[in-house]
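Contents: one structure, followed by commentary.
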Amino acid sequence: MAEIDLGALRRNVASVRAIVGPKVAIYGVVKADAYGHGAVAVAGVLAPLVDALAVSLVEEGLELRGAGITCPILVLGAYYGHTHSEVLEEGLTPVVYDVGELQRFGAAPRRRRPKRGQSEAASGLQQRWPVHVKIDTGMNRLGIQAEGLPAFLALAARYPHLELTGLCTHFASADLKRPGATREQIARFDRCLVAAADRGLVPDVVHAANSAAAVRFPEARYRAIRPGLALYGAMPSAVVARPELEPVLALRTKVMALHEVAAGQGVSYGGLWRPARKARVATLPIGYADGYPRHIRGAEVLIRGRRASVVGAVCMDMMMIDVSRVPGASVGDTVTLIGRDDGAAITIDQVARWADTASYEILCGISKRVPRIYRTCQPDARP
């Protein structure tokens with residue numbers, strides 16, 4: 001079970017606001033099912049607190065529209081396939097990264113009328129459709145090259161129904177110790193903003209900063225930021241850690257079985273762990289199909305307020321822990337894989353280190369089959 005503390009989510013938004021100030025817009029990122037927290041539920045909380053939401057896929061934006069989310073939604077991933085008309089009609093704001101996509105949006109037919117009770121703007125049927133343009137300043141993934149920007153803007157002028165309301169870029173190294181690469185990207189982006197202004201484009205929204213850049217580089221905040229991980233109470237590295245942010249997600253399960261394992265006997269596939277002396281091993285009904293990393297090593301969980309080691313290979317649907325030093329451990333006991341229990345804590349960053357990966361991957365990997373329980377305050381870890 002994944003417990004989502006919506007109160008912590010609200011407080012994290014307030015903390016981000018305090019960091020960047022009231023004049024910087026916040027585009028709350030809810031891509032990848034809101035980093036595993038549940039996009040529809042999270043978006044419902046964030047919508048009145050932020051200036052806009054941001055997703056990666058068109059499908060993610062359509063899911064939110066279908067759930068009744070009417071605030072501005074920016075599509076960051078910029079892969080549209082054959083959905084250009086639908087993007088405009090549903091009032092999603094596309095990020096365009098090359099000439100071909102600009103042309104496809106320029107030629108997209110407008111096919112539908114507003115739904116009953118839906119405003120013209122929300123239906124995407126207004127006279128002009130907002131579009132944001134991505135500039136590649138060093139990520140080398142997507143974006144208009146600086147030297148191609150003048151020609152791109154000239155072409156955009158041929159589509160009067162498209163309004164270039166935003167310019168953006170993406171930083172590759174904002175969470176790394178050395179800031180030089182990010183400052184170089186900021187300088188390139190600033191030159192592109194000047195070049196755009198020289199050609200008459202002064203966009204309403206300029207945005208570049210993810211969570212790391214938003215807290216570390218004030219000059220990169222421009223008119224808007226795009227925090228994702230920070231809203232969920234984590235940061236991508238210790239370089240940009242912010243102690244005021246609260247974890248929003250806790251991951252818990254219960255002991256389903258207990259076994260006495262003799263010294264030298266193997267546990268789980270391949271017998272990768274063999275106790276040096278007789279051990280008591282608990283089996284948990286959660287595994288890598290639920291998002292707990294199969295390749296994790298040296299990991300711990302919390303049970304009855306004590307730490308217990310994860311032992312043996314994590315299975316698809318189950319995993320094992322050594323409860324030899326947990327007095328009274330019983331079938332049905334709550335086990336905390338991420339979260340707090342009696343003052344002790346397992347953080348998402350710890351799990352990521354044990355798995356030799358990033359916090360993003362752990363959160364986004366928690367699968368749909370794990371029930372989400374939404375709370376307005378932090379619950380007691382032990383019922």
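Determine the pairs where a residue that is surrounded by fewer than 17 Cβ atoms within 10 Å (Cβ to Cβ), located within region 59-76, has a partner that is not in a loop (DSSP other than H, G, I, E, B) with Cβ atoms under 6 Å apart, the partner being 6 or more residues away or on another chain.
Close Cβ pairs satisfying both conditions: Ala67/Val40; Thr70/Ala122.
Tally up the residues in region 323-346 that are of a type in the set (A, V, I, L, M, F, W, C) and in a strand (DSSP E or B), please.
In the first step, residues of region 323-346 are kept if they are of a type in the set (A, V, I, L, M, F, W, C); the result is 323, 326, 329, 331, 335, 337-338, 344-346.
Checking the rest, the ones that are also in a strand (DSSP E or B) come to 335, 337-338, 344-346.
The total comes to 6.
Consider Val323 carefully, then state whether it is surrounded by 19 or more Cβ atoms within 10 Å (Cβ to Cβ) and either free of Cβ contacts under 8 Å to residues at least 60 places away in the same chain or farther than 25 Å from Lys31 by Cα (or both).
On the way: surrounded by 19 or more Cβ atoms within 10 Å (Cβ to Cβ): yes; either free of Cβ contacts under 8 Å to residues at least 60 places away in the same chain or farther than 25 Å from Lys31 by Cα (or both): yes.
Answer is yes for this residue.
Are any of the residues in region 328-340 closer than 24 Å to Gly233 by Cα and either surrounded by fewer than 21 Cβ atoms within 10 Å (Cβ to Cβ) or not assigned by TED's automatic domain parsing to the domain that holds Pro371 (or both)?
The first filter runs over region 328-340 and keeps only residues closer than 24 Å to Gly233 by Cα, leaving 334-340.
Narrowing further to those that are either surrounded by fewer than 21 Cβ atoms within 10 Å (Cβ to Cβ) or not assigned by TED's automatic domain parsing to the domain that holds Pro371 (or both): 334, 340.
Yes, that holds for at least one residue.
Which members of region 311-322 meet the condition of being in a strand (DSSP E or B) and within 11 Å of Arg294 (Cα to Cα)?
Going through region 311-322, the residues in a strand (DSSP E or B) turn out to be 311, 319-322.
Matches in region 311-322: Met319 only.
Across region 10-45, what is the number of residues that are part of a helix (DSSP H, G or I) and within 17 Å of Asn210 (Cα to Cα)? Spell out how you get there, then give the answer.
We begin by selecting, within region 10-45, every residue part of a helix (DSSP H, G or I); these are 10-20, 31-36, 39-45.
Pick out the ones that are also within 17 Å of Asn210 (Cα to Cα) and you get 12-20, 31-32, 34-35.
Count: 13.
Restricting to region 158-198, name every residue that is under 26 Å from Val239 (Cβ atoms), without any contact (Cβ under 8 Å) to a residue 12 or more places away in the chain and not in a loop (DSSP other than H, G, I, E, B).
Gly180, Ala187, Asp190, listed by residue number.
The values are calculated or read from the model by the stated rules, or taken from the named source; none is laboratory data. All values reported here derive from a predicted model rather than from experimental measurement. Note that each Cβ is placed from the backbone with ideal geometry, even for glycine, and that neighbours are counted across all protein chains shown.
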